[in-house]
Amino acid sequence: MNNTYIKPEERKTILFISDDLRLYSGVGVMSKSIVYQTAEHFNWIQIGVSYRKEYLLQPIDLSSTIDKDMGYTDSNVILYPDTIYADQYSNINSLRQVMKKHKIDAILFFTDPRYYIWIFENEREIRSQVPLIYYNIWDNLPYPLWNKPYYQSCDGLLAISKQTYNINIQLLENTIDDKIVRYIPHGIENSYFPMKGDENVLLEFKNKLFHGNNPNFTLLFNARNMSRKNISDLILAWQMFTEELSTPKAQKCALVLHCNPIDYNGTDLIACYEDNCNTNITKIVFINENLDFKDMNLLYNISDGVILPSCAEGWGLSITEAMMTGKMFIATVTGGMQDQMRFIDENGKWIDFSKNFPTNSIGKYKNHGDWCIPIWPATAHSIGSPKTPYIYEDYIKIEDIYLAIKELYNLPPKERIKRGMSGWNWANSEEAGFTASIMADKMVEGIESTIKSFVPSNDDKKVYKIKKNDKNLINRNIVWKPWKTE
């Protein structure tokens with residue numbers, strides 16, 4: 001076990017830049033888990049960002065709160081709230097202020113590289129003092145060549161998904177020898193668990209949510225209302241599914257959408273529902289509030305399955321939470337969600353990706369864990385922006401979402417429970433490592449290995465660039481071809 005107790009005065013101090021760990025965003029939740037699980041091994045300073053403009057860099061000591069929550073006695077965790085500046089997470093001035101106040105041994109930062117351009121622009125200054133460690137994710141192919149200088153500017157790359165790990169390896173090429181690169185998937189803390197024997201508690205929660213008109217079949221969507229999540233497609237697929245049932249059976253099915261029903265990053269889901277569905281038959285329940293971990297665990301436990309039909313998804317935290325509560329899930333074969341389906345190769349082993357096999361979205365391997373129902377992309381669409389010139393989105397058919405829901409519904413309840421618990425067993429295994437404790441151990445090893453191997457950089461002339469011949473090396477065989485399976 002890497003995550004062992006160390007006296008506060010002997011601990012390394014890690015400066016962590018990410019979502020404010022008090023937030024309920026996916027990045028915020030995972031940031032909290034990383035800090036809480038390792039607070040007896042590292043001292044933590046977080047620059048925690050949000051969109052709240054009133055936030056200033058005034059320190060908040062979270063040590064006593066973490067001690068109480070985790071049963072520790074001497075954690076040392078300081079939060080500096082900061083804001084998002086023009087889509088950038090914090091800035092170099094905030095970083096300099098914090099580094100003047102504290103002796104820092106390493107900087108860990110987390111989420112999309114577009115939010116950290118300012119770090120990469122100042123990496124010479126930063127890496128002359130401390131190592132840069134990036135807990136990184138990338139949603140899809142083709143290989144993002146513009147990210148290559150960003151990866152090269154880091155001393156440690158901790159990849160959330162197997163696809164991201166392969167992207168890191170392929171883009172670093174001959175510069176990989178002086179880097180620490182690790183695969184560290186998200187791990188869920190013990191707030192999520194199967195609630196066996198708690199029927200009265202679950203029934204009380206059901207009665208409250210459904211006002212006593214409890215369904216026989218509940219499907220849960222738990223993610224942000226964003227266009228790439230394909231929630232409007234899900235609504236239309238749910239309508240197709242309920243239309244096929246008799247009216248009494250349809251009225252005993254409920255789709256629960258835990259998200260903001262109207263969001264400018266997505267759409268107006270209420271209009272999608274009311275204008276396209278027979279609301280007397282097709283039941284959709286909206287939950288537009290942040291639930292604490294206790295209520296979220298209840299919400300997963302009363303559900304018969306979880307669905308995430310995204311066209312792009314770096315990891316897909318809600319399906320990990322589904323597994324940790326012993327529930328089956330339906331999801332698109334894309335990004336990090338592939339990891340959680342446990343596709344196996346011709347030797348019966350959990351697949352790994354490589355230069356010539358960078359994704360399984362084209363269906364090379366079809367055998368998977370029985371806890372999931374994959375939805376295979378019908379095609380891919382290349383989108384882009386000046387900062388990210390190209391990236392695939394894996395599009396699925398509304399009809400295929402409907403068929404996946406129908407398949408889940410037609411399974412006997414005992415079979416759904418059996419398969420869901422199969423996913424729980426695997427997620428908690430050493431092979432998968434989707435627990436907070438395993439993630440923490442791997443995180444500690446990755447951070448400590450990076451600190452140990454770090455050599456301060458004082459070469460101001462060393463600037464990473466994409467060489468012209470790089471453009472010819474990697475992407476020409478990654479054109480999306482559904483018929484190409486080897």
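Quick check on my filter: what residues within region 276-293 are in a helix (DSSP H, G or I) and either without any contact (Cβ under 8 Å) to a residue 24 or more places away in the chain or over 20 Å from the mean Cα position of the chain (by Cα) (or both)?
N276
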Neighbours by Cβ (under 9 Å, 6+ apart or cross-chain): first from region 233-260, closer than 17 Å to T332 by Cβ; second part of a helix (DSSP H, G or I) and of a type in the set (D, E):
A237/E399; A237/D400
Which one is surrounded by the fewest Cβ atoms within 10 Å (Cβ to Cβ), of the residues in region 107-120 that are touching a strand residue (DSSP E or B) at 6+ places or on another chain (Cβ under 8 Å) and assigned to a helix (DSSP H, G or I)?
I117
Being of a type in the set (S, T, Y) and under 19 Å from K229 (Cα atoms) narrows T282, T359, T332 down to just T332
Residue satisfying condition, being farther than 29 Å from I438 by Cβ, in contact with an Asp or Glu (Cβ under 7 Å, 6 or more places away or on another chain), modelled with pLDDT of 90 or more and of a type outside the set (D, E), within set S75, S94, S33:
S94
In region 409-416, is there at least one residue being out of contact with any helix residue (DSSP H, G or I) (no Cβ under 6 Å at 6 or more places or on another chain) and not in a helix (DSSP H, G or I)?
yes
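Evaluate the following for F353: is it touching a helix residue (DSSP H, G or I) at 6+ places or on another chain (Cβ under 7 Å) and not in a helix (DSSP H, G or I)?
Taking the combined requirement at face value, the residue satisfies it.
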Extreme residue, farthest from the chain's Cα centre (by Cα), among residues of region 121-159 that are at pLDDT 95 or above, hydrophobic (A, V, I, L, M, F, W, C) and assigned to a loop (DSSP other than H, G, I, E, B):
V130
Confirm whether K364 is touching a Ser or Thr at 6+ places or on another chain (Cβ under 8 Å) and either farther than 30 Å from Y115 by Cβ or buried (at least 20 other Cβ atoms within 10 Å of the Cβ) (or both).
yes
From T83, T111, which residue is β-branched (V, I, T) and either touching a helix residue (DSSP H, G or I) at 6+ places or on another chain (Cβ under 6 Å) or assigned by TED's automatic domain parsing to the domain that holds P389 (or both)?
T111
Check T175, T218, T164, T242 and return the single one that is outside the structural domain of T325 (by TED's automatic domain parsing) and more than 23 Å from V130 (Cα to Cα).
T164
Restricted to region 89-106 and to residues being of a type outside the set (A, V, I, L, M) and either part of a helix (DSSP H, G or I) or at positive phi (or both), the residue nearest to the chain's Cα centre (by Cα) is S90
Given the structure, is N360 free of Cβ contacts under 8 Å to residues at least 60 places away in the same chain and either outside the structural domain of L145 (by TED's automatic domain parsing) or outside any helix (DSSP H, G or I) (or both)?
yes
Quick one: P456 ticks every box in (1) modelled with pLDDT of 95 or more; (2) of a type outside the set (F, W, Y); (3) touching a Ser or Thr at 6+ places or on another chain (Cβ under 8 Å) bar one, so which box is it?
(1)
Tell me yes or no: at least one residue of region 301-315 is within 23 Å of P377 (Cα to Cα), out of contact with any helix residue (DSSP H, G or I) (no Cβ under 7 Å at 6 or more places or on another chain) and either modelled with pLDDT under 95 or assigned by TED's automatic domain parsing to the domain that holds D339 (or both).
yes
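The values are calculated or read from the model by the stated rules, or taken from the named source; none is laboratory data. Note that the structure is a prediction, hence the values are computed from the model and not measured. In this analysis, Cβ positions are derived from the backbone assuming ideal geometry, glycine residues included, and neighbour counts consider all displayed protein chains.
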